[in-house]
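S.K.: Take this structure first; my questions come after.
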Amino acid sequence: MKRFHERDVRRFYDLLQHEARSGLTQLNAIDGDHLIGVGLFDNEGDFVSECLRYNTLGLLQAGVNPRASHLLDEYGGLQNRIRTLFSDIVSKRDIACVTGIVISEPGQLTEAALAYQKEVSALGDGALFFPLDEEIAIENARPNRTAKQIAEWFWGEATLSSVDLTCMVSVPGTSDPEGTFFHPRLRFRKYRPYILEGISAAIRGE
């Protein structure tokens, strides 16, 4: 069985909706509990190529929301290529905007959120991927306010512990370090290509 499936990697990148104008896609390579490499990508082709190059060398994880392009002022060598790094370079202040939300524990969602459940993809660990139809800006560099607004819409309460705007998730289609011969790579548990119409305005309360 193959340990790399390009179609799933490209499907995942499409769900991220990271356009170059919005920011950069962070891709981390992890060996066990240790970060071994980081890259910042502005296009799908290089992202897929580096996933293939680092496939089987470690677990590959990507940031759900785009990272601000100002990171390249200090880390220009990471553009469109994974380089060896042993600590993360991204904080909440470096999130450019919100293009998607991953819900790791779907229980207790509001009725408004559950209305979209049939149209969202499920990652290999069962987490739900909600791709927004419009990016949500982080106004006045206040990511905590944005996170609370999102949490309130999904759970009915503004709890910061529920929403991590820096969230990283494993890339479907790449090698699973803990996989078996019959399941050697990470897969979507359920794939849906839909962008969720109207969800961004609903979260913003418009």
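S.K.: Across region 160-185, what is the total count of residues that are among the acidic types (Asp, Glu) and within 19 Å of Glu6 (Cβ to Cβ)?
M.R.: Matching residues across region 160-185 total 1.
S.K.: Next question. Residues Gly124, Gly156, Gly100: which one is at pLDDT 90 or above and farther than 26 Å from Arg21 by Cβ?
M.R.: Of Gly124, Gly156, Gly100, the one residue that is at pLDDT 90 or above and farther than 26 Å from Arg21 by Cβ is Gly124.
S.K.: While we're looking at this one, here's another question. Being aliphatic (A, V, I, L, M) and surrounded by fewer than 20 Cβ atoms within 10 Å (Cβ to Cβ) is the filter; apply it to region 120-135 and report the residue that is nearest to Glu105 (Cα to Cα).
M.R.: Pass one, region 120-135, residues aliphatic (A, V, I, L, M): 120, 122-123, 127-128, 132.
Filter again for surrounded by fewer than 20 Cβ atoms within 10 Å (Cβ to Cβ), leaving 122, 127.
On the way: Ala122: 11, Ala127: 7 Å.
Result: Ala127.
S.K.: Something else now. Quick check on my filter: what residues within region 115-146 are among the aliphatic types (A, V, I, L, M) and over 20 Å from Phe188 (Cβ atoms)?
M.R.: Ala115, Ile136, Ala137, Ile138, Ala141 - these are the residues of region 115-146 that are among the aliphatic types (A, V, I, L, M) and over 20 Å from Phe188 (Cβ atoms).
S.K.: Among residues belonging to region 71-110 that are surrounded by 13 or more Cβ atoms within 10 Å (Cβ to Cβ) and among the hydroxyl-bearing types (Ser, Thr, Tyr), point out the one that is farthest from Gln26 (Cα to Cα).
M.R.: Thr110
S.K.: Of the residues that make up region 46-59, is at least one over 24 Å from Asp125 (Cα atoms), in contact (Cβ under 8 Å) with a residue 24 or more places away in the chain, surrounded by fewer than 21 Cβ atoms within 10 Å (Cβ to Cβ) and acidic (Asp, Glu)?
M.R.: Taking every residue of region 46-59 in turn, at least one turns out to be over 24 Å from Asp125 (Cα atoms), in contact (Cβ under 8 Å) with a residue 24 or more places away in the chain, surrounded by fewer than 21 Cβ atoms within 10 Å (Cβ to Cβ) and acidic (Asp, Glu).
S.K.: Which condition breaks for Asp33 when tested against (1) more than 20 Å from Ser175 (Cβ to Cβ); (2) out of contact with any helix residue (DSSP H, G or I) (no Cβ under 7 Å at 6 or more places or on another chain)?
M.R.: Unmet for Asp33, out of (1) more than 20 Å from Ser175 (Cβ to Cβ); (2) out of contact with any helix residue (DSSP H, G or I) (no Cβ under 7 Å at 6 or more places or on another chain): (1).
S.K.: Those residues that are of a type in the set (A, V, I, L, M, F, W, C) and either under 17 Å from Thr56 (Cβ atoms) or modelled with pLDDT of 90 or more (or both), I need them from region 163-185; list them, please.
M.R.: Leu165, Cys167, Met168, Val169, Val171, Phe181, Phe182
S.K.: Which of the residues belonging to region 1-46 are in contact with a Cys (Cβ under 8 Å, 6 or more places away or on another chain) and under 25 Å from Gly76 (Cα atoms)?
M.R.: Val9, Ser22, Gly23, Leu27
S.K.: Could you list, in sequence order, all residues of region 83-117 that are in contact with a Phe, Trp or Tyr (Cβ under 8 Å, 6 or more places away or on another chain) and more than 20 Å from Asp14 (Cα to Cα)?
M.R.: Within region 83-117, Ile89, Gln108, Leu109, Thr110, Ala112, Ala113 qualify.
Okay, residues lined up against (1) under 19 Å from Val64 (Cβ atoms); (2) crowded, with 19+ Cβ neighbours inside 10 Å; (3) in contact (Cβ under 8 Å) with a residue 40 or more places away in the chain:
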{"site": "Ile150", "(1), (2), (3)": "yes, yes, yes"}
{"site": "Glu157", "(1), (2), (3)": "no, no, no"}
{"site": "Thr166", "(1), (2), (3)": "yes, no, yes"}
{"site": "Gly173", "(1), (2), (3)": "yes, yes, yes"}
{"site": "Phe188", "(1), (2), (3)": "yes, no, yes"}
{"site": "Ile195", "(1), (2), (3)": "yes, no, yes"}
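The values are calculated or read from the model by the stated rules, or taken from the named source; none is laboratory data. Model, not experiment: these values are computed from the prediction. Every residue, glycine among them, receives a Cβ derived from its backbone with ideal geometry; neighbour counts consider all protein chains shown.
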